[in-house]
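The values are calculated or read from the model by the stated rules, or taken from the named source; none is laboratory data. Worth saying up front: this structure is predicted, and the values here are computed from it rather than measured. Note: ideal-geometry Cβ built from the backbone for every residue, glycine included; neighbour counts use all protein chains shown. Side chains are part of the model used for accessible areas, which takes the heavy atoms of the whole protein and leaves out ligands, DNA and RNA. Shrake-Rupley method; radii C 1.70, N 1.55, O 1.52, S 1.80 Å.
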Amino acid sequence: MQDRTTKHLRSAALAIVLVGVAFVLAPCRERNSGESVPGSLVLDSPVRITARGTASLLVTDYGLNSACELDRVSLVPTSCFAIAGKPLGIAATADRIFVGNETLHTIEVYDRNGVKLSDMPGTFSIPTSLAVDDATGLLFILDSGTRTITVLTYAGDPVRTITGDAAGNGMFVNPVALAVDPVRQEILVSDYGNVNSSFSPPARIRIYTYAGVFVTAISGSSGFSRPQGLCVTGDRIFVTDGWLGQVLLFTRLSSTQTASAGTLGSYGDGPGQLKLPLDVLVDPSSKDVYVTSNSAGRIERFEKGGLIP
Amino acid sequence: MKRALLPAMTLVVISGLALVLLRPSAAWPLIASHQCSYCHNLHGAAGAALTNNPQAESLCLTCHGPGGISVMKANVHSNKTPKTSFPAFRVTCRQCHDPHDNVASWTTGTNIKLVGAVTSSRGYAQIVTTNSGTRYVVFQSRGTGTGQPSLHSFADSDQDGNGYYDGVCETCHTQTKYHLNNAPDTKHHTGDTCTSCHAHVDRFMK
């Protein structure tokens, strides 16, 4: 009897030790994709932003390794779901959320509750920025590692690959973000320019047709050098500049002409200020402008910012 | 008299320029990816001329942060995420790095990864720490985890026997559980690659 008890005790002790050792040795545990994130929800490192219906926003968080849904009024996350890696680009349709995973080099597909459905076909070196056009059913993926835009249907069927016009202003140099203009059927690309060669060519916003034909470019040579996420509404183009800590506004005067139309925000941590802004979203009805202020760890809202004349 | 002065003055000017350009602590871009125009703009171009650390931090992160063009991703060293109970702190880029150049270490080697925010009077890499004043920093190896020597790595616990805990992690640490700057520690991955678990992109936190 005593032997059996001792045996049981030994087994139990061994099990406890093994569990303890496994816990200690578990290296840098990551959450599975789609797993809900426990604890209080506070943004850490917001990167890209997109609309979720009319009441919510979706944001990728590079620090939390998550995608979070935020209330547009409070700007507080209401829920987050885990990404198994560093999330970058994000885009949403009525029933799907696409997320670019920098660590796994994938475009992951989630349902509206954050449950992972599948991966889109292909691998992507740095899937830094995504956009969708519901009218055409197209998903646009900017891979800043390979300097290409991949266009897929929502089902994952390949449509085309855009590498930039090989001539002059249309050539991709260091593209970092994209947006689409569904009305004009155009793709807008932020490009740092050649940082290794005294910014020659300089930073630019490049505009292409959906077919990949170069239309025009806005040069940053006298106004910006680190353009990041952008957004189009009507004739207005909104571009974040990560270094200046501002949103730059441009107006389309014609298909090939643009003009500077002002700025939003200033560099800093305070209200109305931006520190490493990486993406921008304009609410088409309220004209409120939402910006991911990455180093400040929050979303900054500029009420009616889209109405600046 | 005038004839003699001209060569003498030319010599003085050339010597002065050579002195400025060749002194060990001169701002001098060594690595190809950090050319002057990356950060410093002339004649009205966008951005200020990096007059303070917060501006420099933002500039570093435009390439090394999320969405940036560099594959070497990083973030500031802090515990902003609420999962840790350690007192709040924040170490920005230039408190550890000199973006201009790799700097000589006091062990006669040269640091990697631009580690060494300031230099001693003899040109050796140092860091101005929060709790321990200005200290030497030696970072010549990324540790055994990357197939490199454990000596002069993130935290080598004085394996080199010089009586100074000067790895890039340990030279500042006074309140961490392991690898303090005033005592040896052989219990926690000495000489290994700290960033295998405490990644730079995750603020060096686990």
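Miscellaneous remarks
- Some residue of region B:179-194 being open to solvent by 50 Å² or more (accessible area, probe 1.4 Å), more than 14 Å from every other protein chain (Cβ to nearest Cβ), in contact (Cβ under 8 Å) with a residue 60 or more places away in the chain and not aliphatic (A, V, I, L, M): no
- Of the residues making up region B:72-89, those that are modelled with pLDDT of 90 or more and either open to solvent by 60 Å² or more (accessible area, probe 1.4 Å) or within 11 Å of chain A (Cβ to nearest Cβ) (or both) are B:M72, B:K73, B:N75, B:V76, B:S78.
- Selected residue (criterion: nearest to the other protein chains (Cβ to nearest Cβ)) from residues of region A:239-253 that are open to solvent by less than 10 Å² (accessible area, probe 1.4 Å), closer than 20 Å to B:G65 by Cα and out of contact with any helix residue (DSSP H, G or I) (no Cβ under 8 Å at 6 or more places or on another chain): A:D241
- Region A:163-181, residues that are more than 14 Å from chain B (Cβ to nearest Cβ), closer than 27 Å to A:L249 by Cβ and modelled with pLDDT under 95: A:G164, A:D165, A:G168, A:N169, A:G170, A:M171
- One residue stands out in region A:137-151 among those that are open to solvent by 10 Å² or more (accessible area, probe 1.4 Å) and under 21 Å from A:G229 (Cβ atoms): the one that is farthest from the other protein chains (Cβ to nearest Cβ), namely A:L138.
- Residues of region A:261-272 classified as in contact with a Gly (Cβ under 9 Å, 6 or more places away or on another chain) and surrounded by 13 or more Cβ atoms within 10 Å (Cβ to Cβ), total: 4
- Positions within region A:156-166 being within 15 Å of A:F214 (Cβ to Cβ) and without any contact (Cβ under 8 Å) to a residue 12 or more places away in the chain, in sequence order: A:A166
- Within region A:182-210, the set of residues being open to solvent by 10 Å² or more (accessible area, probe 1.4 Å) and modelled with pLDDT of 95 or more comprises A:P182, A:V183, A:R184, A:Q185, A:E186, A:T209, A:Y210.
- Some residue of region A:274-295 being open to solvent by 30 Å² or more (accessible area, probe 1.4 Å) and farther than 26 Å from A:D133 by Cα: no
- Flag for B:R94 being buried (at least 16 other Cβ atoms within 10 Å of the Cβ), modelled with pLDDT of 90 or more and of a type in the set (K, R): yes
- Unmet criterion (only one of (1) open to solvent by 30 Å² or more (accessible area, probe 1.4 Å); (2) at pLDDT 95 or above) for A:V109: (1)
- Scanning region A:86-106 for residues that are of a type outside the set (D, E, K, R), open to solvent by 20 Å² or more (accessible area, probe 1.4 Å) and within 14 Å of chain B (Cβ to nearest Cβ) yields A:T103, A:H105.
- Residue in region A:53-64 that is farthest from A:V289 (Cα to Cα), counting only those that are open to solvent by 30 Å² or more (accessible area, probe 1.4 Å) and in contact (Cβ under 8 Å) with a residue 12 or more places away in the chain: A:L64
To keep it simple, each residue is scored yes or no on (1) assigned to a strand (DSSP E or B); (2) in contact with a Pro (Cβ under 8 Å, 6 or more places away or on another chain); (3) of a type outside the set (K, R).
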{"residue": "A:I49", "(1), (2), (3)": "yes, no, yes"}
{"residue": "A:T60", "(1), (2), (3)": "yes, yes, yes"}
{"residue": "A:A67", "(1), (2), (3)": "yes, yes, yes"}
{"residue": "A:L70", "(1), (2), (3)": "yes, yes, yes"}
{"residue": "A:L75", "(1), (2), (3)": "no, no, yes"}
{"residue": "A:C80", "(1), (2), (3)": "yes, no, yes"}
{"residue": "A:I90", "(1), (2), (3)": "yes, no, yes"}
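- The residues of region B:147-178 that are within 30 Å of A:V47 (Cβ to Cβ) and either surrounded by fewer than 17 Cβ atoms within 10 Å (Cβ to Cβ) or aliphatic (A, V, I, L, M) (or both), listed by number, are B:V168, B:T176.
- Evaluating A:T163 against the criteria (1) over 19 Å from B:V71 (Cβ atoms); (2) touching an Asp or Glu at 6+ places or on another chain (Cβ under 6 Å) leaves one unmet condition, (2).
- You will find that of A:S221, A:S225, the residue that is in contact with a Phe, Trp or Tyr (Cβ under 8 Å, 6 or more places away or on another chain), within 12 Å of another protein chain (Cβ to nearest Cβ) and surrounded by fewer than 24 Cβ atoms within 10 Å (Cβ to Cβ) is A:S221 and no other.
- Taken over region A:112-136, the criterion of being charged (D, E, K, R) and either under 24 Å from A:P77 (Cα atoms) or open to solvent by less than 40 Å² (accessible area, probe 1.4 Å) (or both) is satisfied by A:R112, A:K116, A:D133.
- Filtering B:R94, B:R122, B:R135 for residues that are more than 14 Å from every other protein chain (Cβ to nearest Cβ), part of a loop (DSSP other than H, G, I, E, B) and basic (K, R) leaves a single hit, B:R122.
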